[in-house]
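Presented below is the structure to which this report refers.
The values are calculated or read from the model by the stated rules, or taken from the named source; none is laboratory data. What you see is a predicted model; the values in this text were computed from it and never measured. Virtual Cβ from ideal backbone geometry, glycine too; neighbours counted across all protein chains shown. To get the accessible areas, we keep the full protein, side chains included, count just its heavy atoms, and leave off ligands, DNA and RNA. Shrake-Rupley method; radii C 1.70, N 1.55, O 1.52, S 1.80 Å.
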Amino acid sequence: MFGEIEGTGFDVLDTRFAACFVGHARVERLWTGGRWLEGPAWFAPSRFLVWSDIPNNRMMRFDETGGSVSVFRQPSNNSNGNTVDSQGRLVTCEHLTRRVTRTDFDGTVQVIADRYQGKRFNSPNDVVVKSDGSIWFTDPSYGIMHDYEGECGEEEIGGCHVYRVDPQSGDVRKVAGDFEKPNGLAFSPDERLLYVADTGASHLENGPRHIRRFSVSDEGMLSGGDVFAACTSGLFDGFRIDRTGRIWASAADGVHCYDPDGTLIGKIRIPEIVSNLTFGGAKRNRLFITATSSLYAVYLTANGSKLG
């Protein structure tokens, strides 16, 4: 048994949250030493986690079998969001090169998308892969606003949008164009819903700080887009969904858990601003959390709906 880290714990705001964790479970700090950590992705066969340390231009690797942490890739082109496709390959958003890439099993990096209608993206931020192989990603302008997380540059497209890459043709289609700063995104367990965060309040007074919910057609088109939840502490950044459809979202004071009906049912308190998270571990019941400079983890009774 390890001691409880100061500033961590569970806040039960609704009785439904009490069933999401074991009473004696504690938050662990697995590693610290980054500048702004992002994009955790779990690789089940090898039992390791990869995440981004954006300002330090590197990707890190946590080996669950022995607890070691090492550099996975450096330089990383100021990588941000990462995920794993259905074949177990790494898919990455790169700020510096303004593109989405896939790393094959032999280490070869393949460009999935770097332009829309001939114009460079702003700075792809977060990414998910649907079971049909289509790749969905957000493209805010954070990586080109200054040199800290990328390289200062011009916005060529003229907006910050959400895109889908067709699994057969590789064609890129804009699926949502009414965001200020689209950020984290995730599918519901049945993939009929897509949730997308908008962190426009980061640079716009009274800007959005919420998650929107869209219906997804069989053809990969979105409809709806009503606000699902508004963040009560800072901004929603990355988030993931468990098998029952609950949304586990990053926030300034930790991880916020929402029931599918939109009720904030509880929080996992973290003593740093949380950027992103993902489910991993042998049973996909270990929540890995990237928060400013550190990597945290906690075991839950909830299980992630999918890898990545």
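Search segment 186-203 for residues being more than 22 Å from GLU38 (Cα to Cα) and of a type outside the set (D, E, K, R), and hand back the single one that is surrounded by the most Cβ atoms within 10 Å (Cβ to Cβ).
Kept after step one, since they are more than 22 Å from GLU38 (Cα to Cα), are these residues of segment 186-203: 189-193.
Add one more test, that the residue is of a type outside the set (D, E, K, R), and what stays is 189, 193.
Values: PRO189: 15, LEU193: 19.
The extreme case among them is LEU193.
Checked against the criterion of being under 19 Å from TYR142 (Cα atoms) and open to solvent by 40 Å² or more (accessible area, probe 1.4 Å), segment 35-45 contains one or more residues that satisfy it.
VAL111 falls short on exactly one of the conditions (1) over 18 Å from the mean Cα position of the chain (by Cα); (2) closer than 20 Å to ARG209 by Cα, and that condition is (2). Looking across GLY281, GLY262, one residue alone is modelled with pLDDT of 95 or more, surrounded by fewer than 23 Cβ atoms within 10 Å (Cβ to Cβ) and closer than 22 Å to PHE43 by Cα. It is GLY281.
Conditions tested, residue by residue: (1) closer than 23 Å to ASN78 by Cα; (2) assigned to a loop (DSSP other than H, G, I, E, B); (3) without any contact (Cβ under 8 Å) to a residue 60 or more places away in the chain.
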| residue | (1), (2), (3) |
| --- | --- |
| TRP136 | yes, no, yes |
| GLU149 | yes, yes, no |
| GLY153 | yes, yes, yes |
| ILE157 | yes, yes, yes |
| TYR163 | yes, no, yes |
| PRO167 | no, yes, yes |
| GLY170 | no, yes, yes |
| ALA176 | no, no, yes |
| LEU185 | yes, no, yes |
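From the list ALA25, ALA41, exactly one residue is part of a strand (DSSP E or B) and touching a strand residue (DSSP E or B) at 6+ places or on another chain (Cβ under 6 Å). Which is it? Outline the logic, then answer.
Details: ALA25 fails: part of a strand (DSSP E or B).
Only one candidate qualifies: ALA41.
Looking for something surrounded by 15 or more Cβ atoms within 10 Å (Cβ to Cβ), over 21 Å from the mean Cα position of the chain (by Cα), more than 30 Å from HIS146 (Cα to Cα) and in contact (Cβ under 8 Å) with a residue 24 or more places away in the chain - is there at least one such residue anywhere in segment 61-75?
To start, the set of residues in segment 61-75 that are surrounded by 15 or more Cβ atoms within 10 Å (Cβ to Cβ) comprises 61-62, 64, 69, 72-73.
Keeping just the survivors that are over 21 Å from the mean Cα position of the chain (by Cα) gives none.
The answer is no, given that none of the residues of segment 61-75 is surrounded by 15 or more Cβ atoms within 10 Å (Cβ to Cβ), over 21 Å from the mean Cα position of the chain (by Cα), more than 30 Å from HIS146 (Cα to Cα) and in contact (Cβ under 8 Å) with a residue 24 or more places away in the chain.
The criterion of at least 1 residues that are open to solvent by less than 60 Å² (accessible area, probe 1.4 Å) and among the hydroxyl-bearing types (Ser, Thr, Tyr) is met by the following strands (runs of 3 or more DSSP E) wholly inside segment 92-132: 99-103.
Only residues that are open to solvent by 20 Å² or more (accessible area, probe 1.4 Å), closer than 15 Å to ALA186 by Cα and part of a loop (DSSP other than H, G, I, E, B) were counted across segment 238-258, and they come to 3. The lone criterion from (1) open to solvent by 70 Å² or more (accessible area, probe 1.4 Å); (2) of a type outside the set (Gly, Ala, Ser); (3) farther than 30 Å from ALA113 by Cα; (4) part of a loop (DSSP other than H, G, I, E, B) left unmet by ARG16 is number (4).
Take segment 165-180 and flag every residue that is closer than 18 Å to GLY118 by Cβ and either among the charged types (D, E, K, R) or open to solvent by 20 Å² or more (accessible area, probe 1.4 Å) (or both). Passing the criteria: ASP166, SER169, GLY170, ASP171, VAL172, ARG173, LYS174, GLY177. Residues that are open to solvent by 70 Å² or more (accessible area, probe 1.4 Å) and outside any strand (DSSP E or B) were ranked within segment 209-237; the one that is nearest to ARG192 (Cα to Cα) is ASP218.
Yes/no per residue for (1) within 20 Å of GLY159 (Cα to Cα); (2) of a type outside the set (Ser, Thr, Tyr):
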residue: SER202; (1), (2): yes, no
residue: HIS210; (1), (2): yes, yes
residue: VAL216; (1), (2): no, yes
residue: GLU219; (1), (2): no, yes
residue: THR232; (1), (2): no, no
residue: ARG240; (1), (2): no, yes
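Return the residues of segment 266-278 that are buried (at least 20 other Cβ atoms within 10 Å of the Cβ) and not in a strand (DSSP E or B); say none if nothing qualifies. The one that is buried (at least 20 other Cβ atoms within 10 Å of the Cβ) and not in a strand (DSSP E or B): ILE270.
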